[in-house]
Amino acid sequence: MTIFIKKLCNAFITDAVVNRRLGGAAGRNVEAIGAVIGGLWVGGIVAVSADALDWVPNIMNKAVHDDLQPVHIPLREVRAVRREFGILTGIVVVELEEGGEFRFRCFNARSVAENMSDLLPSQMMSA
């Protein structure tokens, strides 16, 4: 499988849970932030092939979150990809055909969103 896009990123994970072993103020603060914004930005790597988007958390985030799962989205389930403004890094929003979305932030988000859009099956058919 050829990887066309591979980036260090932070993915917005709505069900991310901080490991209770962290304890203390740091753990409570992260939990509070997650409750306010509806999830946590979690570091990892996003890779996009001709068939799918895959995100895997980095080793540190695997250690500090409970049951943090990778994300796999077949490109045939993606309706659109767009870039949104973000402080320091842009945000790539992957809109899913059946509703919902997957968000990740990275440097050069505009070109990542454009390149990923070009890989969508709907774009391939119209080209």
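The values are calculated or read from the model by the stated rules, or taken from the named source; none is laboratory data. Quick caveat: nothing in here was measured; it's all calculated off a predicted structure. Note that we place each Cβ from the backbone using ideal geometry, even for glycine, and neighbour counts take in every protein chain shown.
Numbers at a glance
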item	result
Whichever residue in region 105-127 is farther than 21 Å from G43 by Cα and charged (D, E, K, R) and, among such residues, is surrounded by the most Cβ atoms within 10 Å (Cβ to Cβ)	E114
Region 47-56, subset in contact (Cβ under 8 Å) with a residue 24 or more places away in the chain and crowded, with 18+ Cβ neighbours inside 10 Å, residue farthest from A11 (Cα to Cα)	V48
Residue check for T2: hydroxyl-bearing (S, T, Y), in contact (Cβ under 8 Å) with a residue 24 or more places away in the chain and farther than 17 Å from V94 by Cβ	yes
Filter result for the condition that a residue is assigned to a strand (DSSP E or B), touching a strand residue (DSSP E or B) at 6+ places or on another chain (Cβ under 7 Å) and among the aliphatic types (A, V, I, L, M), over V42, V112	V42
The lone exception for F102 - which of (1) modelled with pLDDT under 95; (2) surrounded by 12 or more Cβ atoms within 10 Å (Cβ to Cβ); (3) closer than 13 Å to I13 by Cβ it fails	(1)
Selection within region 64-80 - touching a Leu at 6+ places or on another chain (Cβ under 7 Å), more than 24 Å from A26 (Cα to Cα) and either among the hydrophobic types (A, V, I, L, M, F, W, C) or assigned to a strand (DSSP E or B) (or both)	I73, L75, V78, R79
Among (1) closer than 30 Å to N29 by Cα; (2) of a type in the set (A, V, I, L, M, F, W, C); (3) surrounded by 14 or more Cβ atoms within 10 Å (Cβ to Cβ) - the single one I87 does not satisfy	(3)
Residue match in region 19-29 (condition: buried (at least 17 other Cβ atoms within 10 Å of the Cβ), on the phi < 0 side of the Ramachandran plot and out of contact with any Asp or Glu (no Cβ under 6 Å at 6 or more places or on another chain))	no
Residue check for N61: part of a helix (DSSP H, G or I) and closer than 17 Å to F12 by Cβ	yes
